[in-house]
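The next block holds one structure in the form of structure tokens; read it before the comments.
The values are calculated or read from the model by the stated rules, or taken from the named source; none is laboratory data. Fair warning: this is a prediction, and the values are worked out from it, not measured in the lab. Heads up, the Cβs are rebuilt from the backbone with ideal geometry, glycines too, and the neighbour counts pull from every protein chain shown.
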Amino acid sequence: MPELPEVETIARGLRAALTGRRIVSVRLAKTDFIDDPTAIEQQIPGARLVAVRRHGKFLLLDLESYQPSARGFSLLIHLGMTGRLVTCDVRAPISPHTHVFFTLDNGRELRYSDVRRFGRIGLLPHGAQENSLATLGLDPLETSEGQFIELFKNRRARIKGLLLNQHVLRGIGNIYADEGLWRARIHPMRLGAKLTRSELRRLYRAVHAVLSEAIELRGSSIADYVDSDGNLGGFQRRHRVYQRQGRKCFRCGARIRRTVVAGRSSHFCPRCQRAPRVRGPQCKALFR
């Protein structure tokens with residue numbers, strides 16, 4: 001699933017390509033992932049794109065209606081697991097599983113494709129956006145060190161699960177949680193409340209650094225992700241633990257291991273990231 005760096009990369013590409021453009025027409029194929037297809041078909045043609053924003057893993061395309069008296073609205077897009085949002089010439093070959101076509105006034109087209117259709121597209125009137133996304137947590141790139149420490153210091157849940165919890169921090173997924181924890185030398189099974197302030201400061205800096213570097217390299221292309229021009233990202237070449245089970249740690253040479261935390265595969269170095277002391281059946285999960 002595209003995470004914060006991938007969605008931010010797409011947002012920046014779309015911002016450069018779409019701002020100020022007018023949508024001439026809309027064509028929809030399969031619509032089971034669209035909240036209100038009729039509203040999109042009726043309200044978007046003629047509208048002008050005025051801004052592109054990222055909110056966690058969501059994209060918001062702000063639109064100005066062609067009717068002067070009408071309120072503005074935003075197109076809310078979540079890419080799910082396999083969603084792609086690319087701009088191309090209107091005459092370009094159509095990729096399989098392309099379900100949404102927005103034809104622009106400059107002869108180009110914004111296309112949404114999704115093999116598994118786990119994504120989401122909806123139309124939000126201005127003013128409803130904040131309510132729709134209000135339950136999401138803070139953006140990790142906009143959070144201060146002090147805020148970050150306060151978020152985690154008293155939580156009796158596994159730190160990996162907390163990083164994945166979109167109601168705590170929005171935008172981090174499995175890749176960058178694993179990579180951030182490895183950089184901070186913190187085991188994914190540690191409890192948030194058991195981390196020292198020094199460890200939380202280290203984790204804050206590690207998460208911020210790994211997200212920023214991933215954005216610079218235009219995200220991680222593991223399976224389906226491409227940017228808004230259809231190009232692969234490059235940060236997958238910088239992964240140090242994610243999906244490297246059995247391979248040597250770049251830092252100490254120990255073999256990377258895998259466990260499950262909060263229902264997700266978690267990769268870690270058993271030497272650099274010391275496991276918490278536990279008793280009973282939980283011990284087995286730490287040493288797979």
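Here are some notes:
- Residue satisfying condition, being more than 28 Å from residue 233 (Cβ to Cβ) and surrounded by 18 or more Cβ atoms within 10 Å (Cβ to Cβ), within set 77, 40: 40
- Residue count, the stretch 28-84 (criterion: small (Gly, Ala, Ser) and more than 21 Å from residue 118 (Cα to Cα)): 7
- Test result for residue 112, buried (at least 22 other Cβ atoms within 10 Å of the Cβ), among the aromatic types (Phe, Trp, Tyr) and in the same structural domain as residue 55 (by TED's automatic domain parsing): yes
- Taken over the stretch 110-136, the criterion of being of a type in the set (D, E, K, R) and within 18 Å of residue 37 (Cβ to Cβ) is satisfied by 111, 114, 117, 120.
- Some residue of the stretch 238-259 being at positive phi, touching a residue at least 12 places away in the same chain (Cβ under 8 Å), among the charged types (D, E, K, R) and surrounded by fewer than 22 Cβ atoms within 10 Å (Cβ to Cβ): no
- Residues satisfying the stated conditions in the stretch 186-216, i.e. crowded, with 16+ Cβ neighbours inside 10 Å and either of a type in the set (Gly, Ala, Ser) or within 19 Å of residue 264 (Cα to Cα) (or both): 186, 187, 188, 189, 190, 192, 206, 207, 214
- Here residue 134 meets the list (1) farther than 29 Å from residue 13 by Cα; (2) surrounded by fewer than 16 Cβ atoms within 10 Å (Cβ to Cβ); (3) among the aliphatic types (A, V, I, L, M) almost entirely, failing just condition (1).
- Output for the stretch 83-107, where each listed residue is surrounded by fewer than 22 Cβ atoms within 10 Å (Cβ to Cβ) and either acidic (Asp, Glu) or over 15 Å from residue 30 (Cα atoms) (or both): 87, 88, 89, 90, 91, 92, 93, 103, 104, 105, 106, 107
- Per-region count, the stretch 135-178, residues farther than 20 Å from residue 194 by Cα and either assigned to a helix (DSSP H, G or I) or of a type in the set (Phe, Trp, Tyr) (or both): 3
- If the condition is being β-branched (Val, Ile, Thr) and either part of a strand (DSSP E or B) or over 19 Å from the mean Cα position of the chain (by Cα) (or both), then the stretch 70-114 contributes 77, 86, 87, 90, 94, 98, 100, 103.
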